[in-house]
1. Put a dot 7 Å past each Cα toward the Cβ at residue 234 and residue 119; how far apart are the dots in nm?
2. At 7 Å along the Cα-to-beta-carbon direction for both residue 535 and residue 49, put a label point, then send me their distance in nm to one decimal.
3. Which cross-chain or sequence-distant (5 or more) residues have an amide H under 5 Å from the amide H of residue 319, H modelled 1.01 Å from N in plane?
4. Got a sec to turn the phi values of the range 437-444 into Karplus ³J(HN,Hα) couplings, 6.51 cos²θ - 1.76 cosθ + 1.60 with θ = phi - 60°, whole Hz, x for Gly and Pro?
5. Go through 146-152, 59-65, 340-346 and give me the packing order, highest mean Cβ count within 10 Å leading.
6. Given the DSSP H assignment, sum -39500 (n - 2.57) over each helix run of at least 4 residues in the chain and divide by its residue total; what's the result at 222 nm in deg cm²/dmol, nearest 500?
7. For the range 159-224, what is the accessible area per residue in Å² when the probe is 1.4 Å?
8. Round to the nearest 10 and report in Å² the accessible area of residue 314, as given by a 1.4 Å probe over the protein chains' heavy atoms.
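The values are calculated or read from the model by the stated rules, or taken from the named source; none is laboratory data. Because the structure is predicted, anything quoted here is derived from the model rather than measured. No Cβ is skipped: glycine too gets one built from the backbone with ideal geometry, and neighbour counts run over all protein chains shown. These accessible areas exclude ligands, DNA and RNA; they are computed on the full protein's heavy atoms, side chains included. Shrake-Rupley method; radii C 1.70, N 1.55, O 1.52, S 1.80 Å.
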Amino acid sequence: MKNNLKKVLLLLAVLAAVNLIGSRLFYRFDLTRDHRYTLSQTSLNIIDQAKEPLIIDVFLKGQFPGEFKKLQTETQQILEEFKARNSNITFQFINPLENETQKDTLVQSFMQRGLTPVNVTVNDRGKQSQEMVFPWAIATYKGKSTKIPLLKNLMGASTAEKVVSSVQHLEYAFANAFNTVITVKSKKVAVMKGNGEMPDLLMADFIKQVRENYFIGTFTLDSVAKKPNESLKYLKKYDLAIIAKPTEQFTDQEKLVLDQFVMNGGKTLWLVDQVNIEMDSLYNDAGSTLAFPRDLNLNDLFFKYGIRINPTLVKDVMATPIALATGEKGSATQYTQYPWFYAPLVFPASKNPIVSNLDGIKFEFTNGIEILKNNLRKTVLLQTSPYSKLVGTPVDINLNMVTERPEQSEFKGKGNIPLAVLLEGKFNSVYQNRILPFDEKTFKTQSAQNKMIVVSDGDIIRNQLDKNFQPLELGYDKWTNKLYGNKEFLMNCVNYLLDDNGLINIRSKEVSLPLLDQEKVYAQYNTIQWITVGLPLIILLIFALIFTRLRRKKYAR
């Protein structure tokens, strides 16, 4: 009796010690091969700043296909990792369509907030049904909210492929949202004006998105003509300058201001067209227009930085479609989609985090970029397909070109043309060893470590307008009802240029998810059903019979 009591007391003492140690020490083990549940140090630094409740509402709940169940499970797992790090983080899964009587009202409400649903087809042994899914979450902190997309849009990809891509993107999506609602804005972005740049209305969606994380304002170079020194001094207060599709020449004074902005650590995002042509100019009776070179007086500046944007047009077999009216005018008019070879559809091949895991990006009348040798490190972020070529200007562009069926032989060895280039390193001033356009006492001939991105298409930032002249989402084409990755690419550019906490590097995280072979499952449905349901029951029955026999044998004596 005493021995039994000692054993019980010893067991209780061990359990008490284990509980005490467990309450003081806490660790979660990630046994996955790709370490998908191991949060990066950047994510940990962000969520450690949450000193008050951070609430996440996830709308992935309800009856939907297995692929979305996988997305739901992975979302829950990553949120549990965030919560394990900071107890101020709470989350809940909500079914927005649970109340059938208010379903239509709720759907409209969600869509007005930009939480667009996804209609998915559920296949069950040949039977198909349509289900509506809201792959979104909302993070709220101190009354400030932001939406979080959980499903990435990938053109031409299956639902399973989209889910794999989305799971790879989950940590970045949540960390970026937490950074938006928790971190106080500090960086300043200048949208440059004064040289015929794109109107704000045509890039309103981009400006709206940038405003969530950064201060953004307009900076006009017109003042440089009268007060160049004061203009430069004021521009230095900004961290990033965006030059979006200028159409008028830059003066030497304006170029010196921009050059010295770079020499003093300012980041720049250039979206430049070197050929004068607009899609709207084709919609005339003749259906044609002349494309001719545009002189912005920037050649020497780009040459010094190590690139050249040539006044050529890219023609690419991998093209986005345009919708043209066909048939008779009036009620019989119909719209047909044709591939438009002067609007390349670019799928990123680079592993750089700016373009990692991005969907196809739409360009329009873009130019080829030539890479020159200098001390800067250059990374080609986006390039055309192997079946593309450059067309010299001036050249006549006609809508009848949609009927062309180009031969692949004419593109052989001419493709993979750079369209977006990242420049990093110590930049040398274009006015080094030259007479300055104006006297500047703080003139620098070389910058510290800096970076800029040059894209040879100004229209990449353009958003379309609806019938009420309200801006649509950047990347959405209302004529073909397709959504491209322009918005995410440009936001990644801004985040990379301004990111000082390494958030953008989370995008390069690789996740490998095993997926079911649906055709194999359907072909071997009965066998799989027998193995997963019948075999466990048989094993359980055998175990019960053996256990009963041994029990009878033991107590029969």
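1. Modelled inter-label distance: 5.2 nm.
2. 5.1 nm
3. Under 5 Å from the amide H of residue 319: 345.
4. Once rounded to whole Hz, the list reads x, 8, 6, 10, 5, 9, 4, 10.
5. Order by mean packing, descending: 340-346, 146-152, 59-65.
6. Values: 13 runs with 164 residues, N = 557.
Value at 222 nm, helices only, nearest 500: -9500 deg cm²/dmol.
7. Details: 2270 Å² over 66 residues.
Spelled out: the 1.4 Å probe surface of the range 159-224, per residue, equals 34 Å².
8. 0 Å²
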